[in-house]
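The values are calculated or read from the model by the stated rules, or taken from the named source; none is laboratory data. The model shown is predicted, which means the values in this text are computed figures rather than measured ones. These accessible areas exclude ligands, DNA and RNA; they are computed on the full protein's heavy atoms, side chains included. Shrake-Rupley method; radii C 1.70, N 1.55, O 1.52, S 1.80 Å.
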Amino acid sequence: MIKDKYLTLQTVAEILSCTDRHIYDLIVEGALDAIKVGGRAMRVSEKSLEEFIEKQKVNPADFFDPDKEAKPTAAPEHPVARSKFLGR
């Protein structure tokens with residue numbers, strides 16, 4: 001009947017190379033499905049983790065397009081505060 005495996009938060013965090021707290025936040029946001037085991041222990045559905053990873057895949061062209069020139073960053077609108085001691 002049960003064909004899905006359930007993983008500890010630590011295992012999921014290791015798979016995603018992040019913290020247990022981040023995994024907990026993803027559960028609270030609804031990005032990962034989890035079950036509560038006992039008083040405080042939680043387990044994440046392996047199927048849910050696979051779906052999450054699939055949704056998070058990015059298109060490299062969104063981050064790197066060799067045909068586009070890098071735009072220079074603009075100077076900050078607010079001048080940086082200077083210490084009176086720098087003028088000496």
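Odds and ends about this structure:
- For region 42-50, Karplus couplings with θ = phi - 60° (6.51, -1.76, 1.60), whole Hz, Gly/Pro x: 10, 10, 9, 5, 4, 4, 4, 4, 4
- At full extension, ARG40 and SER17 could sit 6.0 nm farther apart than now, given 0.36 nm per residue minus the alpha carbon distance.
- Accessible surface, per residue, of region 1-55 when the full set of protein chains is kept, probe 1.4 Å, Å²: 74
- Prolate/oblate/rounded call for region 7-51, Cα gyration tensor, a/c under 1.5 rounded: rounded
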